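Here is the structure we will look at, set down as structure tokens.
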Amino acid sequence: MTNNVNISALRKSTSDSFGFFYLLNKLDLKSSPAKRCLYSQIFITDKNEIENELNQIEKTISLLKQIRNDRIFSDIENKLSQILDINGTLYNLSGSITLCDVELFEIKKFAIIADDIRQLLSKLNLIDLPDLSDVINILDPEGIRMATFYIYDAYSAELAVLRKSVKEENENNTSDSYQKIIELEDTIRKQLCEKLHPYSLYLNTALSKTAYLDILLAKAKQAITECFCKPRIVDKTTSYKALFNPQLKDLLQKQGKKYQSVDILFGQYPTLITGINMGGKTVLLKTLALSQYLCQYGFYVPAAEAEIVPVDKIMICMSDEQNHLQGLSSFAAEMKNVDAILSEIDVNKHLLVLIDELARTTNPAEGSAIVNAMLDMLSERKVCSFITTHYDKIISSCRRMRVRGLINSNEPVDEKNMEKHIDYSFVEETQINAPHEAIRIAEMLGVNNELIKKSKEYLLST
């Protein structure tokens, strides 16, 4: 069960079995502030805002693919890697607190780096950074643009004279002179902060925009390397061509196995999915969640083509999402999650509901009754939703799909090559009962002949 909040809150509320944070961890972020800003990003529900973010990625990809820009982007990334997260220092500055030399150094260094990035970006027309020249001039009175800071002599003729006097006279007792120097330095620090205070907003904007630039570059590069696509944002029907789960695809490739992508289309109605074990039903739900999150957090999505309807909230009910606190059984925890989903659909929110193997921990008679009732309620309220099941006697009027399933083959089957004998594509289903292929799979795997024989006899007798 998840809430539509920022990424940091999402991380606390989910086990991330669908692979969203797997992809975030693969982002090639260069700067310290970028990760903080990334995790503060909000789930976007406004169609125009999503499109604007996707358009920025598209533009960045186009610029990255132009060889003439290689050096510019290399220089930008080098500069980004030097940026520290000075959010706390800028907070102090905005609060009219007199900063110490370390904090003034942080601001000076950042202002110089941000100004260098601004000049590089002027050749790309990608993001506009505020001009921090005045900030640099305040903290760099000697005009040498070095990433160092102390209270320079150039700030005060009196200070310069006192420092020179103490150095030349080398008096044994210079406590008065030293005290005057300290007092002058404190006064200058206060004056510097008063001069810098009006630029607090510009500095904060520059820090946010450089972090955003870092994130934008990482998103664009990931879209290229992972072969993600830019989704079209639409109003009625979501569709994917060659949808895939990057985490599972990576895992299979490491094992020398091939991943099979899927095509799917759906709208404001429930879909019941049936099919064999190992058939990819759960993976589909997780991948739909992943893609919806990616899109509405401003990422490209793992598909060859995609059209996506934005939702207000994604609600997930899976075994690995269940909360067993306070001694709740699996079934009790699942029903608490289902109840929360029903509470949401009753307030007419635009939801994407994904429920894996609803009521599978109870007896088949009651389990199938619960599935039927849930499908009825989702249909009545026109909720975009998916429920997977192995139960028969699902008679609720809804759209039905199944995993195409086992492929006839003369090749020997074992647990290592079973996936080669399964077609993971999804097809429309007209039958009410779920497909019966469990015994066939057991037989293909060479399970005890007597068990297989007796199982078939019982199946025929029911």
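Near the amide H of Phe386, within less than 5 Å, lie the amide hydrogens of Thr271, Val353, Leu354, Ile355, all on another chain or at least 5 residues away, with H placed in the peptide plane. Beta bridges from DSSP with both residues in the chain: antiparallel share about 40 percent, rounded to the nearest 5.
A quarter of the convex hull surface defined by the alpha-carbon atoms of the chain gives 31.5 nm² as the mean projection.
Between exposed GluC sites (Glu not before Pro) in the chain, where DSSP calls loop and at most 13 other Cβ atoms lie within 10 Å, what's the longest gap? With a cap of 13 other Cβ atoms within 10 Å, the longest stretch comes to 172-414. Under 5 Å from the amide H of Arg399 lie the amide H atoms of Leu272, each residue being 5 or more positions distant or on a separate chain, with H modelled from the backbone and absent for Pro and chain starts.
Summary of the geometry: region 1-69 and region 97-114, compared by the centres of their Cα atoms, lie 29 Å apart. Taking 20 Å as the cut-off, the amide N atoms of region 178-208 that come nearer than this to a point 7 Å along the Cα-to-beta-carbon line of Glu168 belong to 178-182. Would you work out if region 1-56 is rounded, prolate or oblate? Take a ≥ b ≥ c from the square roots of the eigenvalues of the alpha-carbon gyration tensor; rounded if a/c is under 1.5, else prolate when a/b is larger than b/c, oblate otherwise. Judged from the Cα gyration tensor, region 1-56 comes out oblate (a/c at least 1.5, b/c at or above a/b).
Between Ser40 and Ile439, what FRET efficiency comes out of the Förster formula 1/(1 + (r/R0)^6) with R0 = 41 Å and r the beta carbon distance, rounded to 0.05? Plugging the Cβ-Cβ distance into 1/(1 + (r/R0)^6) gives 0.20.
Gain on full extension, evaluated as 0.36 nm per residue between Ala157 and Asn25 minus their Cα-Cα distance, stands at 42.3 nm.
Cross-link pairs exceeding 32 Å in C-alpha to C-alpha distance, out of Lys65/Lys349; Lys236/Lys286; Lys281/Lys453; Lys123/Lys258; Lys30/Lys286; Lys254/Lys313, comprise Lys65/Lys349; Lys123/Lys258; Lys254/Lys313. Given axes a ≥ b ≥ c from the Cα gyration tensor, I'd like to know whether region 229-461 is rounded (a/c under 1.5), prolate (a/b larger than b/c) or oblate. Oblate, since a/c reaches 1.5 and b/c is not below a/b. For region 99-131, backbone nitrogen atoms closer than 20 Å to the point 7 Å from Gln66 Cα along Cα-to-C-beta are found at 117-129.
Volume per residue for region 63-109 equals 86 cubic angstrom (convex hull of Cα atoms).
Sorted ascending by nearby beta carbons within 10 Å, beginning with the fewest, Thr205, Thr210, Thr225, Thr238 become Thr225, Thr205, Thr238, Thr210. Taking label positions 7 Å along the Cα-Cβ direction at both Ser96 and Thr361, the computed distance is 5.8 nm, reported to one decimal.
Laboratory data are not the source of any read-out in this text; all were calculated from the coordinates shown. This is a predicted model, so every value here is computed, not measured. Positions of Cβ are generated from backbone atoms using ideal geometry, with glycine treated the same way; all protein chains shown enter the neighbour counts.
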